[in-house]
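Derivation of every value follows stated rules applied to the coordinates shown; laboratory data play no part. Remember, predicted model here, so these are calculated numbers, not experimental data. When we count neighbours, we look across all protein chains shown, and the Cβ atoms used for this are built from the backbone with ideal geometry, even at glycine.
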Amino acid sequence: MKHDLSKIKEELTGLPEYDTQIYLQGKEKGIDPTMPAKGRTWEEIDKEEVLWSVNLFDFPYINSILDDMNLCRTRIMKAKPKSCYLWHRDLQQRYHIPVKTNEHCFLLLECDGRIHLPATGEGYVVDTTQFHTQVNASREERIHIVGTFK
């Protein structure tokens with residue numbers, strides 16, 4: 001599905017400062033979107049992520065995407081230059097909307113190999129139930145909106 005990347009970027013200018021990720025959806029309004037899972041393991045959150053469907057910001061365009069795509073536990077994930085994530089797998093597939101990236105940023109999936117998702121406004125369904133990691137082998141940050149299907 002194609003989204004208006006300029007509208008997304010414009011709304012994201014209203015985000016508070018964050019380090020590597022900030023939640024766009026949570027279990028309830030009023031939580032700290034930079035630390036909604038304080039004291040919880042990622043495994044615990046993965047098992048209940050369908051409950052993380054309350055939109056936390058007044059972002060009309062982005063929230064319409066989250067609602068139309070039936071997403072939950074959606075967040076902005078920022079990968080710093082010269083970094084990667086742990087090799088892991090998720091319980092469900094993820095929906096990615098690349099906001100800022102370059103050809104040296106890619107996903108490495110156990111079965112599908114290396115894939116680059118360009119920041120063209122396109123949304124991508126990624127089978128993250130297979131082992132995978134994200135690699136930012138560049139000198140610029142990489143930013144994706146990442147959500148789970150309910």
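Computed over region 75-150, the P(r) curve from all C-alpha pair distances, binned at 10 Å from the origin, holds 21, 58, 21, 0 percent per bin. Shown in residue order for region 124-137 are the 3J(HN,Hα) couplings computed by the Karplus curve 6.51 cos²θ - 1.76 cosθ + 1.60 at θ = phi - 60°: 10, 8, 10, 7, 8, 6, 8, 4, 7, 8, 10, 10, 10, 9 Hz (x for Gly and Pro).
Return the loop-located chymotrypsin sites (Phe, Trp or Tyr not before Pro) in region 86-130 (DSSP other than H, G, I, E, B) with at most 15 other Cβ atoms within 10 Å of their own Cβ; answer none if there are none.
Sites meeting the loop and neighbour criteria: TRP87.
Rounded to whole numbers, the Karplus 3J(HN,Hα) couplings from phi for region 64-75 are 5, 5, 4, 6, 5, 7, 6, 9, 9, 6, 7, 8 Hz, using 6.51 cos²θ - 1.76 cosθ + 1.60 with θ = phi - 60°, and x at Gly and Pro.
Gyration tensor analysis over the Cα atoms of region 5-149 returns equivalent ellipsoid semi-axes of 22, 18, 15 Å (largest first, whole Å).
The ALA137 and ASP112 beta-carbon pair, evaluated with R₀ = 25 Å, returns a calculated FRET efficiency of approximately 0.90. In a DSSP loop and with at most 16 other Cβ atoms within 10 Å, the chymotrypsin sites (Phe, Trp or Tyr not before Pro) in region 39-85 are TYR85. Straightening the chain between ILE45 and THR129 buys 28.7 nm, computed as 0.36 nm per residue apart minus the Cα-Cα spacing.
For region 1-64, trypsin sites (Lys or Arg not before Pro) are listed when DSSP marks them as loop and at most 11 other Cβ atoms sit within 10 Å of their Cβ; the list is LYS29, LYS38, ARG40.
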